[in-house]
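Here is the structure we will look at.
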Amino acid sequence: MTTKLVWPLRSGKNSANTPASLALDTFPLWFLRSSLRSGGTILKCDASAGSSIFFIFEIDLIKTSKFIYMRIAILFSCLILFLNCEDRKSKKNDMPEQETVSKKAEKSRKKTVKKLPERTFPELTEKNAMEFFLHYEKENKENKVRMTTDFGIIDILLFDETKFHRANFIFLTKQNYFKDTQFYRVIDNFMIQAGNSDDRKTARKRRKIGKYLLPKDTKRGFTHERGVISMPSSEIDNPHKLASPYEFFIVQQRGGAHFLDGDYTIFGKVINGMDVVDKIAAVETDEADWPLKNIYIRNVEIIE
């Protein structure tokens, strides 16, 4: 099946005698090229005066259509193949990157996760505490500590005669227990008491160390004179006045508080910083003797 077309080289009026004539600006050029390649023939070149230049050519519509469809099919197949190759490349590129990111994240976690120090002591209880401190005091002979408070420094000498209480205080110091505890009970011209706090961190520290008591040790010849360090009895039911191991008080009363003798264990004394003790004792308190402004122990360190 063939047909004749009159094609203008430039835009202009179509031939009135050729219904199939199409203007160049309304018919795709690629169709013309495809038609010629598939067997189309230019029959006439009309360059009449006063008219546009026309090409008259004959084409086989069936052959031309097949040729065009074939080209479209080839182009479409190439496009699919190209996109498929691109997708495979992108997947290949993505995989190593994901693995790299995963490995980097794993290495980062390994670097940031710090190993917790191994526990070097058992959780203390009333059953094992005395045996633990019996061995601990033999290996830890330190007996001088420096206490840094909001009001200044207090140096304390711990008595070797009360070995369990000395060992207990050294042990708690090495565990950083006293850091950020408070002077929570203050009575001017009597004593200042410390080693506790309303902060949950203090309770967590106690749970980690353990729940235990120490028996009183009152027959060493010490009395509650000004400046001594003594251990209060525990708040729990305590008929034998077992001492609360986490707390202590410093006698501030001039002339001493000898009515406490025999009931509480004296295990040290202030050797420097009684002026700091007096400043703490003079602060304003509430009805429960708690300072209106918290007074912290910032640090306790062993000096000898």
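The values are calculated or read from the model by the stated rules, or taken from the named source; none is laboratory data. If you're wondering where the values come from, they're calculated on a predicted model, not measured in any experiment. For neighbour counting, all protein chains shown are included, and Cβ atoms are generated from backbone atoms with ideal geometry for every residue, glycine included. SASA here: full protein model, heavy atoms, side chains in, ligands and nucleic acids out. Shrake-Rupley method; radii C 1.70, N 1.55, O 1.52, S 1.80 Å.
Considering only residues that are open to solvent by 60 Å² or more (accessible area, probe 1.4 Å) and either of a type in the set (A, V, I, L, M) or under 16 Å from D150 (Cβ atoms) (or both), which ones fall in the stretch 246-276? Passing the criteria: I271, D275. When each of K219, K241, K279 is tested for being in contact with a strand residue (DSSP E or B) (Cβ under 6 Å, 6 or more places away or on another chain) and surrounded by fewer than 19 Cβ atoms within 10 Å (Cβ to Cβ), the lone residue that passes is K241. Scanning the stretch 209-220 for residues that are assigned to a loop (DSSP other than H, G, I, E, B), touching a residue at least 40 places away in the same chain (Cβ under 8 Å) and of a type outside the set (V, I, T) yields K211, Y212, L213, P215, K216, D217, R220. The number of residues in the stretch 172-208 that are of a type in the set (A, V, I, L, M, F, W, C) and free of Cβ contacts under 8 Å to residues at least 40 places away in the same chain comes to 1.
Listed here are the residues, each with its yes/no results for (1) part of a helix (DSSP H, G or I); (2) over 39 Å from the mean Cα position of the chain (by Cα); (3) among the polar types (S, T, N, Q).
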position	(1), (2), (3)
F132	yes, no, no
K138	yes, yes, no
E142	no, no, no
M147	no, no, no
F164	yes, yes, no
N168	yes, no, yes
F171	yes, no, no
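Among the criteria (1) within 26 Å of D286 (Cβ to Cβ); (2) in contact with a strand residue (DSSP E or B) (Cβ under 8 Å, 6 or more places away or on another chain); (3) polar (S, T, N, Q); (4) at pLDDT 95 or above, the one N196 does not fulfil is (4).
In this structure, is N294 open to solvent by 70 Å² or more (accessible area, probe 1.4 Å), within 23 Å of F151 (Cα to Cα), in contact (Cβ under 8 Å) with a residue 40 or more places away in the chain and polar (S, T, N, Q)? So N294 fails the test.
Among residues that are surrounded by fewer than 21 Cβ atoms within 10 Å (Cβ to Cβ) and β-branched (V, I, T), T162 is not included. Remark: H135 falls outside the filter, which requires a residue to be touching a Ser or Thr at 6+ places or on another chain (Cβ under 6 Å) and either farther than 18 Å from Y246 by Cβ or not small (G, A, S) (or both).
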